[in-house]
Amino acid sequence: MGIFRRTGLKKAMPAAVAVLLGLFLAVGAAAQPRTNFESIAPEAATGRSEKQASRAASYMAAAANPLAAEAGAGIMAAGGSAVDAAIATALVLNLVEPQSAGIGGGGFMLVWDNARHTLRAFDGRETAPAGVDRRLFFDAAGRKKGFMEAVVGGASVGVPGMLRMFELVHADYGRLPWATLFQPAIRLAEDGFPVSPRLHALLEHDRHLRQTPQARALFYTETGAAKPVGSLLVNAPFAAVLRRVATEGADAFYKGQIAADIAATVRNAANPGSMTVEDLAAYRAKVRDPVCAPYRVYRVCTMPPPSSAVNMLQALGILAYFDLAQLSPLSPDAVHLVAQAERLGYADRDFYVGDPDHVSMPLEGMTERGYLAGRAKLLDPAHGSTQPVAPGEPPSKHGALPGRFGRDSAIELPSTTHVSTVDAARNAVAMTVTIENVFGSKQMVHGFLLNNQLTDFSAEAEENGRPVANRIEPGKRPRSSMAPTVVFNADGSLRLVVGSPGGSRILGYVAQTIVGVLDWKLDIQQAISLPHYLDRNTGLELEEGTAAAALAETMRARGHKASVIELNSGLQGIEVRSDGSLIGGADPRREGVAIGR
């Protein structure tokens, strides 16, 4: 109990392509995928390349592909804001990392306005079409479909939200003209970019994408093989869409021919969906209040529901009752405490989180100090458990919550990406965007892929007669684990901008990185590079191929149900030092970089 206590854009891009062509060819041999990885969530591991922290005095962009990070940095060099940079970065990611995100999907943004000292959350999460049925993922005989059976086709596609979110954010925080932000992606789409080792590997091993004619023509050779690493990939249809949206605004996507083609693709696919042009025209992005909670002397803010990032705040709030600073990051005590705190957060997640416009939740109660203090007392500092922990009863006006909701049965396997940007005025963006599974629903329209976000809903609408908070309903947004996060110092100044892909494991990845920086005094790159360990209330997971894997027997002897598996995050973070300088970190498990000047 000793550690328990009560207390120049246009010219830069061709050069970047040339550099990356050599880089990708050099590292391709080290980025070979594991076999049968389509069953591994959310994207397969394709190698690890250790990285050094990036440093800058003025601005920085961190993204999962060097071309995307360079686009963001170039926008800020041209006088753009952190929001401008994040939008340009995401559009390039749609092109060069199509397996993870794009305008056929959605996401979340946290935007920090340093001059006004305000933080706002923007919700571009997809919505269920008006004609959706609660039995969407059951067959005619009443049997629940397998995951890939539900994913592939039109039934899984939600109404995309990314471009409406970008338009809403840019209206308030953009400095450069809207059309300017599209130019890096348009140029790369028309001139071509080198296929990266990761993209090649994921294309080669996808069993379904080849069956979509437009995707086959874009990504594969005449023999059906994925285009080789380093070959130039040109996406003229996507460039044409971007040119229209750059000129006409997001209406060019949500109304007219593009919208009609999206709806037709969804409705005419094998395993068809119900989406209509009216669903697309009716979509609205939303501004929400971030959810924030103290962590030691710091304040951690993240995305509110329909994100389940509040449950990450719960884990941190529980860890605040333990002195992690005296432990080393890979000590059995540290692994034990972090995992047990996460279990308690995930236990509440499975019952209470859904779309706040459809479900009443005890959001404030889940991070209330007294509630977390009580949950912390459930954590045995010495021994783990192989049994799942039950949800708590957060303070709420809604009564006995454990008897009010049923357990969620969603299988969340999203293929996602994260962008962090900080500009010269110390405005910042933490943005996580996704199309759900790797290559989404496998359906392509005009050079971009459509999401399969509806599989993020619970397949079962009820459990033992109790409604599931994350059940499928028309117009509803599915629960997400995307957790774009901004951390502030005690004086309110910006400290950290971070987020990750990784499905439901995102909460653990981001929490561990925050602990690494704030408790263990690592720089952001060192924290991102730490071997992963987490517990989603399903057992302790230790990252394969790292020093964490060697702890398996020790942790089992301590009472944990421990397994060694791939833990393929994609963290991107920027740290603001006390002297005002920036340090950027990119996940060694992916191809990203942080670029600043």
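The values are calculated or read from the model by the stated rules, or taken from the named source; none is laboratory data. Please read these numbers as outputs of a predicted model, since none were measured by experiment. FYI the Cβ positions are ideal-geometry reconstructions off the backbone, even for glycines, and counts take in every protein chain you see.
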Handout entry: Residues (under 14 Å from the mean Cα position of the chain (by Cα) and basic (Lys, Arg)) located in segment 98-134
Key = Arg125
Practice task
Identify all residues within segment 449-468 that are small (Gly, Ala, Ser) and either under 16 Å from the mean Cα position of the chain (by Cα) or buried (at least 24 other Cβ atoms within 10 Å of the Cβ) (or both); write none if there are none.
Solution key: Ser458
Practice task
With the checklist (1) crowded, with 17+ Cβ neighbours inside 10 Å; (2) within 30 Å of Thr247 (Cα to Cα); (3) in contact with a strand residue (DSSP E or B) (Cβ under 8 Å, 6 or more places away or on another chain) in hand, flag the one item Phe137 doesn't pass.
Solution key: (2)
Completion exercise
Of (1) assigned to a strand (DSSP E or B); (2) in contact with a strand residue (DSSP E or B) (Cβ under 6 Å, 6 or more places away or on another chain), Pro294 satisfies every one except (2)
Handout entry: Any chance Tyr283 is among the aromatic types (Phe, Trp, Tyr), under 16 Å from Asp357 (Cβ atoms) and touching a strand residue (DSSP E or B) at 6+ places or on another chain (Cβ under 6 Å)
Key = yes
Practice task
Among the residues of segment 538-593, write down those that are at pLDDT 95 or above, in a loop (DSSP other than H, G, I, E, B) and among the aliphatic types (A, V, I, L, M).
Solution key: Leu571
Practice task
Kindly check whether there is at least one residue in segment 498-514 that is at negative phi, over 17 Å from the mean Cα position of the chain (by Cα) and surrounded by 24 or more Cβ atoms within 10 Å (Cβ to Cβ).
Solution key: no
Handout entry: Number of the exception - Gln211 against (1) surrounded by fewer than 20 Cβ atoms within 10 Å (Cβ to Cβ); (2) polar (S, T, N, Q); (3) modelled with pLDDT of 95 or more
Key = (3)
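Hey, among Gln512, Gln525, which residue is among the polar types (S, T, N, Q), touching a strand residue (DSSP E or B) at 6+ places or on another chain (Cβ under 8 Å) and closer than 18 Å to Leu316 by Cβ? Steps first, answer last, please.
On the way: Gln525 fails: closer than 18 Å to Leu316 by Cβ.
Answer to the selection: Gln512.
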Problem - Residue check for Ser328: modelled with pLDDT of 95 or more, at negative phi and not in a helix (DSSP H, G or I) - result: yes
Practice task
Give Asp333, Asp357 a once-over and let me know the one that is of a type in the set (Asp, Glu), assigned to a loop (DSSP other than H, G, I, E, B), surrounded by fewer than 22 Cβ atoms within 10 Å (Cβ to Cβ) and over 21 Å from the mean Cα position of the chain (by Cα).
Solution key: Asp357
Exercise for the section: Please verify whether segment 263-281 includes one or more residues that are assigned to a loop (DSSP other than H, G, I, E, B), surrounded by fewer than 20 Cβ atoms within 10 Å (Cβ to Cβ) and small (Gly, Ala, Ser). Expected result: yes
